[in-house]
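No lab work stands behind these numbers, since they all come straight from the coordinates. The shown structure was predicted, so the numbers you read here are calculated from the model rather than taken from an experiment. Here the Cβ is made from the backbone with ideal geometry for all residues, glycine too, and neighbour counts use every protein chain on show.
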């Protein structure tokens, strides 16, 4: 049987490769999201334009973020609080108001022109 060459020893490991002292990690709470978040989509087809139109509709109160785990999902609460909490409380995510969309396609149309066939001509009013 052929043996692969050794590529070195991990930091904290002895000559046999086992860790002598287990590593520990402090609990870290991520900082709250702030500022704009760019969302770059590849292709301006039906899926991309439906995503952008859906976010714009929710921003304007014309719909609910159904299917958006980040908006409607719930996760187990922190230790000592077994009740589920909204995902946005557990993880600091950018709000839908802070999303800025961009993208590109092999066709020269912009998002509005691309969406006219799937979302209707007045989706951005």
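This ranking places 36, 74, 29 by how few other beta-carbon atoms lie within 10 Å of each, fewest first, which gives 29, 36, 74.
By the equivalent-ellipsoid construction on the alpha carbon gyration tensor, the stretch 29-119 comes out with semi-axes of 31, 14, 10 Å, ordered largest to smallest. Peptides 91-102, 45-56 ranked from most to least packed, by the mean per-residue count of other Cβ atoms within 10 Å: 45-56, 91-102.
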